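A.B. asks: Sharing a structure, written as structure tokens. Questions coming.
The values are calculated or read from the model by the stated rules, or taken from the named source; none is laboratory data. Bear in mind that the values here come from a model prediction, so they are computed numbers and not experimental data. When we count neighbours, we look across all protein chains shown, and the Cβ atoms used for this are built from the backbone with ideal geometry, even at glycine. Quick note on the areas: whole protein, heavy atoms, side chains included, nothing else; ligands and nucleic acids left out. Shrake-Rupley method; radii C 1.70, N 1.55, O 1.52, S 1.80 Å.
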Amino acid sequence: MRILPRHRHDHTVTRIMYLFLLMALAPHAQAAPTTYVIDPTHTQPRFEYNHFGFSMQVHSFDKTEGTIIYDPQAKTASVAIRIDPKSINTGYSVLNDKLQDKDFFDSARYPEITFKSTMVKFVGSKPVKVYGNLTIKGITKPVVLTVTSFQHKENPIVKKDEIGANAYTRLKRSDFHMGKYAPGVSDDITINLPVEALKP
């Protein structure tokens, strides 16, 4: 049996321990969550409602910001979104202004609409449900966003890592003290959220 010199033996043991350490740390390094910043030019929340049975009206908000933290290997995510109610776009400036009144968004007192996730359900590496709290006019209610599509890849234009999704939820206006004209103007509304977010 050949005996290695002591200094060579110590060096070999050190290298083996170092390799084991790298192997142990590798899964944790790969699972690090990434923060993505919402792209306001490709994120435009919309809501639709029935207008006295005549038609389904669709309005949107032009100013949205926030972050999405996503870790596909750990299957975790979180979402934080802020919407400016003054940025509502109905296609009609008089109605835009009317919706700032106390009967509706009361934006002078409540300048933000917020959504903060509490849990995200995954199937594989993709989120399918986002549970969280929606706050409008200072009133917070639990909502569930159903994710209908999800994509994670490099943006071909800006060459940055990006995630994108489409999601929707349904709620009642009256739950947020915005039920004026119901039921003629439907109390039930559907919110659709197309969202894109880039890695800084």
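A.B. asks: How much net charge surrounds Gly179 when only the other residues with a Cβ under 10 Å from the Cβ of Gly179 are counted, with Lys and Arg +1 and Asp and Glu -1?
C.D. replies: Neighbourhood net charge equals 0.
A.B. asks: So, one more: Would you tally the net charge around Glu112, using a Cβ to Cβ cut-off of less than 14 Å, leaving Glu112 out, and scoring K and R as +1, D and E as -1?
C.D. replies: Local net charge: +3.
A.B. asks: What does the accessible area of Asp188 come to, in Å² to the nearest 10, when a probe of 1.4 Å is used?
C.D. replies: Surface accessible to solvent at Asp188 totals approximately 90 Å².
A.B. asks: Taking a cut-off of 23 Å between Cα atoms, list the lysines near Lys159, but don't count ones fewer than 8 places away on the same chain.
C.D. replies: Within the straight-line cut-off, Lys159 pairs with Lys126, Lys199.
A.B. asks: Tally up the carbon and sulfur contribution to the accessible surface of the range 117-167 as a whole percent, 1.4 Å probe, everything protein left in place.
C.D. replies: The value for the range 117-167 is 56 percent carbon and sulfur by accessible area.
A.B. asks: Shifting gears a bit: Can you pull out the chymotrypsin sites (Phe, Trp or Tyr not before Pro) in the range 53-111 that DSSP calls coil and that have at most 16 other Cβ atoms within 10 Å?
C.D. replies: Phe54, Tyr92
A.B. asks: Also, quick follow-up: Suppose R0 equals 35 Å. What FRET efficiency, 1/(1 + (r/R0)^6) with r the Cβ-Cβ distance, do His42 and Lys172 give to the nearest 0.05?
C.D. replies: 0.75
A.B. asks: Under a 1.4 Å probe, what is the accessible area of the range 108-195 per residue, stated in Å²?
C.D. replies: Per-residue accessible area for the range 108-195 comes out at 56 Å².
A.B. asks: Along the Cα→Cβ direction, 7 angstrom out, place labels at Asp161 and Thr35. What is the inter-label distance in nm?
C.D. replies: My value for the distance between the label points is 1.4 nm.
A.B. asks: Report the local net charge at Val128: Lys and Arg +1, Asp and Glu -1, summed over other residues whose C-beta lies under 14 Å from its C-beta.
C.D. replies: Every neighbour counted, the sum reads +4.
A.B. asks: Return a whole-number percent for the relative contact order of the range 78-142, with Cα pairs under 8 Å and 6 or more residues apart as the contact set.
C.D. replies: 31
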